[in-house]
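**Student:** My questions will all concern the structure given below.
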């Protein structure tokens, strides 16, 4: 049999023992995901019901008035364009793809707060997908997917962003769905069914946010990994064409519309004009130099990834508020510890990982690097030091953080280390939610 057609080769040759499929969760582990989903839902609901809606300027509800405006336009049967919102101070999200607003428009009659629960639903879906990817990568270790899912469920700013009106939550969920499909393909091959599902996920993502264009190189990278792992060339190419054909079929009309209205597939030049009045990187560079600008942007991005908020007073001046500095210091120590743990695993990778785990890790890393690179390019033009721009890669961040953190501890201490981390994050979240109530 040709090597590239051998199912055993397609599935991957083990570098260390690993069950081919996730083993059933036993005992209390069966309740891990439901508990985390309920916990997240309670926190997100509290934030959704207590934070003012609309044009508030609150850092934990960014651009919400603009997103609500677009949803209401869709509910009224209008598709906003640059011309139709000209002069409207909350119409600046006109350039966004339509799918989020088409869905949200169904809930407009229920009030602005009801729209927030569209984001909460996608937040729940993202957590479920993180758990499923973790289970497929570590099928005999229920602790790691639990810690990874709990991490994402308990990042305060992540709770805030996924409980206000925006297209960030569906973008994250669709990124996570794509990663689940690719990780599943490493185990069972890139079948026609997975190609169809992947094309659907990419097509929908392109109709949610332009950031989804990053999924194309990520998927191409995954296809290269599948080829190197032995999947047949002809089958791989045919399924890749099926995948991208479905994605184009779903999202193609959006790009054609842009071409007709704006003369470009994405209204980038019009977007630049709309953003001309926002804080520019060049202004900060003139005042503090590149070193100072990048240092400030890095600090604020790191802090806002974890927790940023606003109240009625700070919103008037556009000021973002942070938690006490020692808390960010603890998060920084955790980040460095997780990075050290990942580095440690890297040097032992051939002894502790199965090949499909390595392929999954490289795919998560590629996703994180693509999102980071896109954000880095963005802040070279605009001063947008917001950690939420990294949330499309929340799944890679959560799983890699859990991997690195748990790798630092002996087997008998891993459970204490994992649940200790989640307990600390839960306490910070409680503090955050009560702190931001106006």
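Readers should treat all values here as calculations from the given coordinates under stated rules, not as data from a laboratory. Given the structure is predicted, the values throughout are model-derived calculations rather than measurements. A quick note on method: Cβ atoms are made from the backbone with ideal geometry, for glycine too, and the neighbour counts reach across all protein chains shown.
**Student:** Testing the spin-label approximation: label points 7 Å from Cα along Cα→Cβ at residue 431 and residue 255. State their distance in nm.
**Tutor:** Result for the modelled spin labels: 4.7 nm.
**Student:** For the chain, modelled as a GNM with alpha-carbon contacts under 10 angstrom, which of 80, 34, 326 fluctuates the most?
**Tutor:** 326
**Student:** Arranged by the count of other C-beta atoms within 10 angstrom, fewest first, what order do 198, 110, 380 take? Numbers along the way, then the final one.
**Tutor:** Numbers: 198 29, 110 10, 380 13.
With the sparsest Cβ surroundings first, the list reads 110, 380, 198.
**Student:** As a footprinting exposure proxy, order 316, 73 by other Cβ within 10 Å, with the fewest listed first.
**Tutor:** Numbers: 316 10, 73 19.
Ordered by Cβ neighbours within 10 Å, fewest first: 316, 73.
**Student:** Using a 7 Å offset from the Cα along the Cα-to-Cβ direction at both residue 349 and residue 227, what is the distance between the two label points in nm, to one decimal?
**Tutor:** The two pseudo-label positions are separated by 2.0 nm.
**Student:** Listed highest first by mean packing, meaning other Cβ atoms within 10 Å per residue, what order do 55-61, 83-89 come in?
**Tutor:** Values: 55-61: 22.9, 83-89: 11.3.
By packing density, highest mean first, the sequence is 55-61, 83-89.
**Student:** Still on this structure: Tell me, 102, 190 in order of fewest to most beta-carbon neighbours within 10 Å?
**Tutor:** Working: 102 14, 190 27.
With the fewest neighbours first, 102, 190 line up as 102, 190.
**Student:** Sticking with this one: Which of the three applies to the stretch 110-262, rounded, prolate or oblate, going by the alpha-carbon gyration tensor with a ≥ b ≥ c and a/c under 1.5 meaning rounded?
**Tutor:** Values: a/c = 2.71, a/b = 1.13, b/c = 2.39.
The shape class here is oblate.
**Student:** Of 121, 212, 253, which is the most mobile in a GNM of the chain whose springs link Cα atoms less than 10 angstrom apart?
**Tutor:** 253
**Student:** Next question. With a/c under 1.5 counting as rounded, go ahead and sort the chain into rounded, prolate or oblate using the C-alpha gyration tensor (a ≥ b ≥ c being the square roots of the eigenvalues; past the cut-off, prolate if a/b is larger than b/c, else oblate).
**Tutor:** Working: a/c = 1.69, a/b = 1.24, b/c = 1.37.
Oblate.
**Student:** For a label point 7 Å from the Cα of residue 278 along Cα→C-beta, name the residues of the stretch 59-84 whose backbone N is under 17 Å from it.
**Tutor:** Once the point is set 7 Å along Cα→Cβ of residue 278, 59-70, 82 turn out to lie under 17 Å by backbone N, inside the stretch 59-84.
**Student:** In nm, to one decimal, how far is the modelled label at residue 424 from the one at residue 365, with both set 7 Å along Cα→Cβ?
**Tutor:** 2.5
**Student:** Which shape class applies to the stretch 260-399: rounded if a/c is under 1.5, otherwise prolate when a/b exceeds b/c and oblate if not, where a ≥ b ≥ c are the square roots of the Cα gyration tensor eigenvalues? Let's see the in-between values first.
**Tutor:** Details: a/c = 2.30, a/b = 1.39, b/c = 1.65.
Cα axes put the stretch 260-399 in the oblate bin.
**Student:** Still on this structure, please answer the following. Work out, step by step, the length gained on full extension between residue 319 and residue 296: first 0.36 nm times the residue separation, then minus their alpha carbon distance; give nm to one decimal. Spell out each step's value before the answer.
**Tutor:** Details: separation 23, 0.36 × 23 = 8.28 nm, distance 1.45 nm.
Extending this stretch completely gives an extra 6.8 nm.
**Student:** Considering Cα pairs under 8 angstrom that are at least six residues apart, work out the relative contact order of the chain and quote it in whole percent. It would help to have the intermediate numbers written out before the result.
**Tutor:** Numbers: 625 pairs, mean separation 105.8, N = 438.
Over the chain, the number comes to 24 percent.
**Student:** Helix-only estimate, please: 222 nm mean residue ellipticity of the chain, summing -39500 (n - 2.57) across DSSP H runs of length 4 or more and dividing by its residues, to the nearest 500.
**Tutor:** On the way: 19 runs with 293 residues, N = 438.
Result for the chain: -22000 deg cm²/dmol, rounded to the nearest 500.
**Student:** Contour minus end-to-end for residue 416 and residue 193, with contour as 0.36 nm per residue of separation and end-to-end as the Cα-Cα distance? Each step should come with its number before you reach the end.
**Tutor:** Numbers: separation 223, 0.36 × 223 = 80.28 nm, distance 4.01 nm.
Answer, rounded to one decimal: 76.3 nm.
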